[in-house]
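Here's the structure we're looking at; comments come further down.
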Amino acid sequence: MKLIGSLTSPFVRKVRVVLSEKKIEYEFGLDSPWSGDTQVPDFNPLGKVPVLLLDDDTALFDSRVICEYLDNVAPNNKLMPATNRERTEVKRWEALADGVCEAAGNIFLERKRPAEQQSADWIVRQESKIIRGLDYMSDELGENAWCMGTHFTLADIASGCALGYLAFRSPEIDWNVKHPNLSRFYDKIMQRAAFVETIPQG
Ligand code: GSF
């Protein structure tokens, strides 16, 4: 299978971490959907990465669909619990973490527009999603070792990718000072090879 994506996207990183944690072999095709010669729309009509091309040429998107597929395709190192209630809680963590990334990405894109076209209100709206999202993550994590239950799950992968993306794109947000438990969690997750290998670059 082949993963198409960029080295900056937190959604691509989430999939790369899942592939690494589950020890699944794959080919990586570097493609930024913002470049003029991108081929991403040939595989995903939404023009977004990640896209996972299966061996029969089926294109999977988005990252949540891909991660769930990968967790089920290989039985080792399960990242999603079997019971409905627990699995749904993991997916809620993932939705929260992805939402924080989306808001941070929106701010990044807005700031790239000409200064006179940027909307301060829009940026504040996105920032408030990030701040509330981090508060929520911190409250839910508490003093627990992992985001959901007693094991490492997709909730931890998604949260780690979100915190890493904030460190990369929005270093002015001092979540690690305001939320020592998130800082502790991030330090721990950054000890995993899958996270070290996928630090955002660009
Ligand atoms: C989000 C993918 C996304 O926004 C997912 O896969 O989970 N819900 C989707 N990807 C961005 C890159 S990045 O910000 O991670 C993307 O491909 N943007 C290109 C565009 O045209 O929006």
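Of all DSSP beta bridges confined to the chain, the antiparallel ones make up roughly 55%. All distinct Cα pairs of region 41-106 go into the 1/r average, and the inverse of that average, the Kirkwood radius, is 13.4 Å. Per residue, the solvent-accessible area of the chain (1.4 Å probe, heavy atoms of protein chains only, all protein chains present) comes to 52 Å². Legend: Rg and Dmax of region 1-89, from Cα coordinates, 13.4, 44 Å. Given +1 at the Cβ of Lys and Arg, -1 at the Cβ of Asp and Glu and no other charges, the dipole of the chain around its Cα centre is 340 debye to the nearest 20.
Cα-based values for the chain, radius of gyration first and Dmax second, are 16.8, 52 Å.
Just the number, please: carbon plus sulfur as a percent of the accessible area of the chain, 1.4 Å probe, no ligands or DNA/RNA counted. Walk me through the numbers on the way to the answer.
Working: 5470 of 10510 Å².
C and S fraction of accessible area: 52 percent.
Ranking 61, 15, 34 by Cα position along the charge dipole of region 4-67, where only Lys, Arg, Asp and Glu carry charges on their C-beta atoms, puts 15 farthest toward the positive end.
Of 189, 130, 173, which is the most mobile in a GNM of the chain whose springs link Cα atoms less than 10 angstrom apart? Among 189, 130, 173, the largest mean-square fluctuation in the Gaussian network model of the chain belongs to 173.
Amide H contacts of residue 29: 3, 4, 5, each under 5 Å away and 5 or more positions distant or on a separate chain (H built 1.01 Å from N in the peptide plane; Pro and chain starts excluded). Projected label points at residue 196 and residue 72, each 7 Å from Cα along the beta carbon direction, are separated by 3.4 nanometres. Springs between alpha-carbon atoms under 10 Å, Gaussian network over the chain: tell me which of 134, 166, 53 tops the mean-square fluctuations. The residue that fluctuates most here is 53. This model, with +1 at the C-beta of Lys and Arg and -1 at the C-beta of Asp and Glu, gives region 19-134 a dipole about its Cα centre of some 680 debye. Computed 3J(HN,Hα) for region 94-101, one whole-Hz value per residue from the Karplus formula 6.51 cos²θ - 1.76 cosθ + 1.60 where θ = phi - 60°, is 5, 4, 5, 4, 4, x, 5, 4, glycine and proline marked x.
State which entries of 22/78; 2/112; 129/188 exceed 19 angstrom in Cα-Cα distance in the structure shown. Correct reply: 2/112; 129/188.
What the phi angles of region 140-150 give under the Karplus curve with 6.51, -1.76 and 1.60, with θ = phi - 60°, is a coupling list of 5, 5, x, 9, 5, 6, 10, 5, 10, x, 9 Hz, glycine and proline written as x.
The values are calculated or read from the model by the stated rules, or taken from the named source; none is laboratory data. In this text the structure is predicted, and so the values were computed from the model without any measurement. So basically every Cβ, Gly included, is an ideal-geometry build from the backbone, and we count neighbours across all protein chains shown. SASA here: full protein model, heavy atoms, side chains in, ligands and nucleic acids out. Shrake-Rupley method; radii C 1.70, N 1.55, O 1.52, S 1.80 Å.
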